[in-house]
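**Student:** A single structure is presented below for examination.
The values are calculated or read from the model by the stated rules, or taken from the named source; none is laboratory data. Note that the coordinates shown come from a computational prediction; the quantities given were computed from them, not determined experimentally. No Cβ is skipped: glycine too gets one built from the backbone with ideal geometry, and neighbour counts run over all protein chains shown. Quick note on the areas: whole protein, heavy atoms, side chains included, nothing else; ligands and nucleic acids left out. Shrake-Rupley method; radii C 1.70, N 1.55, O 1.52, S 1.80 Å.
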Amino acid sequence: MLKQWLDGPVLYSFSQSRLAQFAAVVALLMICGALFAPWLAPLNPFDLASLDLNDSLLPPAWAAQGQGKYVLGTDDQGRDVLSTILYGSRISLLVGFSSVLLAMFLGVGLGLLSGFLGGRLDAIIMRIADVQLSFPAILIALLIDGVARVVFADQGHGDQMAILVLIGSISLANWVSYARTVRGSTLVERNKEYVQAARVIGVPAIAIMIKHVLPNVMGPVLVIATINIATAIITEATLSFLGVGVPPTTPSLGTMINNGNNFLYSGEWWLVVFPGLALVLLCMSVNLLGDWLRDALNPKLQ
């Protein structure tokens, strides 16, 4: 099994692509930096006892008034920008990966049901998908996020449920691409001989979908999921920048950019540039990996 994997086309394609290797290294470094932020960050931005307002709005260490312990400067509350980026990336990655997993679970399930069972269920699911495609995903996420916040705010759980609401809203805005892709592949697979043979011997429809059809339609889904991670991270940053994402007290790349935007015209450029650069590097590396994976799994390019 290991030899088959090492000799597989995907790993071979990765070994031949310098761009994919570079993107993987960048993504891995940023993910490790976020996961191990408590050990890698110079300071803890959540530790109020370590914050000093006298150190607020300090420029990066190489600037005239910069200090060595604040490599990328500080924000208006005296928090180290580098440490805040490391901790903020954890929230962005959590929302990105969780929303993609939830959207993939919902979209793949509905796509399998729609393509395999067909009939009225197929028509209903696809008409809902068509209606949702008529609107930008960010507007749908804003609508779902706004409605959910009102509901949970009335129950007194607004801030506690903010991240879960954000994950759910992004997921519900992005399930359509998975459902349509899986439906198209399922329509092809359900007419093949192995599916017909399973039906003849009395295998239940749900077992056929999960054990036989699902493994054969997951290739395109993995490519879409890889690319959608970057889209989900950008959506989270956009919602947080607009003030409807994670709470302002919770650092994420979006909230950092939103906060830094208030000081941009007064000369504190590092509050926007460094979080924005981290967001660009993270999303660019994931997108490049998605493009490579799409080409590696395309049999026409082998």
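**Student:** Filter segment 95-119 down to the residues that are over 22 Å from residue 237 (Cβ atoms), surrounded by fewer than 18 Cβ atoms within 10 Å (Cβ to Cβ) and either touching a Pro at 6+ places or on another chain (Cβ under 8 Å) or modelled with pLDDT of 90 or more (or both) and list them by number.
**Tutor:** 105, 106, 109
**Student:** Got a sec? Which of 276, 260 is in contact with a Pro (Cβ under 8 Å, 6 or more places away or on another chain), within 26 Å of residue 165 (Cα to Cα) and modelled with pLDDT of 85 or more?
**Tutor:** The match here is 260.
**Student:** Follow-up. Suppose the filter is over 30 Å from residue 14 (Cα atoms) and either among the hydroxyl-bearing types (Ser, Thr, Tyr) or open to solvent by 20 Å² or more (accessible area, probe 1.4 Å) (or both); does residue 274 pass it?
**Tutor:** No, not satisfied.
**Student:** For residue 60, are the conditions met, namely being in contact with a Phe, Trp or Tyr (Cβ under 7 Å, 6 or more places away or on another chain) and of a type outside the set (Val, Ile, Thr)?
**Tutor:** Numbers: in contact with a Phe, Trp or Tyr (Cβ under 7 Å, 6 or more places away or on another chain): yes; of a type outside the set (Val, Ile, Thr): yes.
When the stated conditions are applied, residue 60 passes them.
**Student:** Which residues, taken from segment 110-131, are more than 10 Å from residue 175 (Cα to Cα), assigned to a helix (DSSP H, G or I) and not hydrophobic (A, V, I, L, M, F, W, C)?
**Tutor:** 114, 115, 119, 120, 122, 127, 130 - these are the residues of segment 110-131 that are more than 10 Å from residue 175 (Cα to Cα), assigned to a helix (DSSP H, G or I) and not hydrophobic (A, V, I, L, M, F, W, C).
**Student:** Take the conditions of a type outside the set (S, T, N, Q), open to solvent by 10 Å² or more (accessible area, probe 1.4 Å), touching a helix residue (DSSP H, G or I) at 6+ places or on another chain (Cβ under 7 Å) and not in a helix (DSSP H, G or I) and apply them to residue 247. Does it pass?
**Tutor:** So residue 247 fits the description; yes.
**Student:** Could you please find all residues in segment 253-272 being hydrophobic (A, V, I, L, M, F, W, C) and in contact (Cβ under 8 Å) with a residue 12 or more places away in the chain?
**Tutor:** Those that are hydrophobic (A, V, I, L, M, F, W, C) and in contact (Cβ under 8 Å) with a residue 12 or more places away in the chain: 253, 256, 257, 263, 270, 271, 272.
Yes/no matrix, rows are residues, columns are (1) of a type in the set (Asp, Glu); (2) in contact with a Gly (Cβ under 7 Å, 6 or more places away or on another chain); (3) open to solvent by 60 Å² or more (accessible area, probe 1.4 Å); (4) closer than 25 Å to residue 168 by Cα:
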| position | (1), (2), (3), (4) |
| --- | --- |
| 17 | no, no, no, no |
| 67 | no, no, yes, no |
| 76 | yes, no, no, no |
| 81 | no, yes, no, no |
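**Student:** What do you reckon, is residue 226 within 15 Å of residue 174 (Cα to Cα), open to solvent by 50 Å² or more (accessible area, probe 1.4 Å) and among the polar types (S, T, N, Q)?
**Tutor:** When the stated conditions are applied, residue 226 does not pass them.
**Student:** Starting from segment 279-302, take each residue that is over 19 Å from residue 234 (Cβ atoms) and assigned to a helix (DSSP H, G or I) and list its partners that are among the hydroxyl-bearing types (Ser, Thr, Tyr) and modelled with pLDDT under 80, counting only C-beta distances under 6 angstrom and pairs at least six apart or across chains.
**Tutor:** Hits for this filter: 296/13.
**Student:** Could you tell me which of the residues 136, 45 is at negative phi and buried (at least 17 other Cβ atoms within 10 Å of the Cβ)?
**Tutor:** That would be 45, the only listed residue that is at negative phi and buried (at least 17 other Cβ atoms within 10 Å of the Cβ).
**Student:** Could I ask something else about it? Quick check on residue 28: is it out of contact with any His (no Cβ under 6 Å at 6 or more places or on another chain), open to solvent by 90 Å² or more (accessible area, probe 1.4 Å) and touching a residue at least 12 places away in the same chain (Cβ under 8 Å)?
**Tutor:** Against the criterion (out of contact with any His (no Cβ under 6 Å at 6 or more places or on another chain), open to solvent by 90 Å² or more (accessible area, probe 1.4 Å) and touching a residue at least 12 places away in the same chain (Cβ under 8 Å)), residue 28 does not qualify.
**Student:** Go through 13, 92 for me and flag whichever is crowded, with 16+ Cβ neighbours inside 10 Å, modelled with pLDDT under 85 and part of a helix (DSSP H, G or I).
**Tutor:** Values: 92 fails: modelled with pLDDT under 85.
The match here is 13.
**Student:** Could I ask something else about it? Looking only at segment 250-269, which residues are surrounded by fewer than 24 Cβ atoms within 10 Å (Cβ to Cβ) and in a helix (DSSP H, G or I)?
**Tutor:** The answer is 257, 258, 259, 260, 261, 264, 265, 266.
**Student:** Somewhere in segment 50-66, is a residue modelled with pLDDT of 85 or more, among the small types (Gly, Ala, Ser) and part of a helix (DSSP H, G or I)?
**Tutor:** So far as segment 50-66 goes, no, none of its residues is modelled with pLDDT of 85 or more, among the small types (Gly, Ala, Ser) and part of a helix (DSSP H, G or I).
**Student:** Can you tell me which residues in segment 277-300 are β-branched (Val, Ile, Thr) and surrounded by fewer than 21 Cβ atoms within 10 Å (Cβ to Cβ)?
**Tutor:** 280
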